[in-house]
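Heads up: the structure comes next, in structure tokens.
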Amino acid sequence: MKAVLFDFSGTLFRLDEDDRWFDGMAVDQHVQAELMERLTHPTGGGRTMTEQAYRVWLQRDLEPALHREAYLHALYETGLSDPHAVALYERCVDPAWWTPYPDAAAVLNTLRERGIHTAVVSNIAFDIRPAFVAAQTGADHFVLSFEVGVVKPDRRIFEIALDRLGVDATDAVMVGDSEENDGAARDLGCDFVLVDPLPTGERPTGLRDGLRGLGAPL
């Protein structure tokens, strides 16, 4: 193992539920739950989504403007109106609101100390680096879809990461919470570790346990 590639959302960090998000909003708990689901586990193609909205949704992780449009549409569908929808969206894309998993910093830092290269490979439309700075950790490279113009499961995004790290796919492991998106790295020859995107307090050692199972020196 010469390199480990990590997904971001649901793998290293999570947008955990926070009751403060709804201060001043007249929404009941059922609506709050639906809003959090749309922010943390978004899906597209609903019956109320127009053809244009669906096209935007598919491209949301390639451009910040499309990401904003797609997410605001999803929030408006719940009946939430401005300025509350905008306030929720802005928290969603603010790295300060993202919580690292308990073992994320230790795993990243230990791997780098042991000479194993790391990269974050994420379908995302905003800069997540400040979240890593706040958590006192980092990676050798950040391969973010809106910066490189390609999204998982397209193999090209993994190829970009491997090329930047200077390692072969057979010497790398991809860690992520999606079989479809992150598991696609196996098509190149990478090993794959699947983690459960549970709330951060419910998954204290998921990264460490998964990588140790492949022999990582953690």
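Any residue at all in the stretch 61-71 that is loosely packed, with under 15 Cβ neighbours inside 10 Å, charged (D, E, K, R) and at pLDDT 75 or above? No, that holds for no residue.
Does residue 177 count as outside the structural domain of residue 69 (by TED's automatic domain parsing), surrounded by 15 or more Cβ atoms within 10 Å (Cβ to Cβ) and touching a Pro at 6+ places or on another chain (Cβ under 6 Å)? Considered against the rule, which asks whether it is outside the structural domain of residue 69 (by TED's automatic domain parsing), surrounded by 15 or more Cβ atoms within 10 Å (Cβ to Cβ) and touching a Pro at 6+ places or on another chain (Cβ under 6 Å), residue 177 comes out as yes. Taken over the stretch 1-21, the criterion of being touching a strand residue (DSSP E or B) at 6+ places or on another chain (Cβ under 6 Å) and farther than 14 Å from residue 191 by Cβ is satisfied by 7, 8, 11, 12, 13, 14, 16. Can you say whether residue 49 is in a loop (DSSP other than H, G, I, E, B), of a type outside the set (S, T, N, Q) and modelled with pLDDT under 85, as far as the supplied structure shows? In short, yes. Scanning the stretch 6-21 for residues that are of a type outside the set (Phe, Trp, Tyr) and in contact (Cβ under 8 Å) with a residue 40 or more places away in the chain gives 7, 9, 10, 11, 12, 14, 15, 16, 17, 18.
Just one residue in the set 56, 107, 86 is in the same structural domain as residue 166 (by TED's automatic domain parsing) and either farther than 22 Å from residue 198 by Cβ or in contact with a Lys or Arg (Cβ under 9 Å, 6 or more places away or on another chain) (or both); that residue is 107.
Looking at the stretch 66-141, the helices (runs of 4 or more DSSP H) lying wholly inside it that each contain 3 or more residues that are within 30 Å of residue 34 (Cβ to Cβ) and either in contact (Cβ under 8 Å) with a residue 40 or more places away in the chain or in contact with a helix residue (DSSP H, G or I) (Cβ under 8 Å, 6 or more places away or on another chain) (or both) sit at 84-92, 129-134. Of the candidates 164, 186, 114, 129, the single residue that is farther than 20 Å from residue 10 by Cβ, surrounded by fewer than 16 Cβ atoms within 10 Å (Cβ to Cβ) and of a type in the set (D, E, K, R) is 114.
The values are calculated or read from the model by the stated rules, or taken from the named source; none is laboratory data. This structure is a prediction, so every number in the text was calculated from the model and none was measured. Virtual Cβ from ideal backbone geometry, glycine too; neighbours counted across all protein chains shown.
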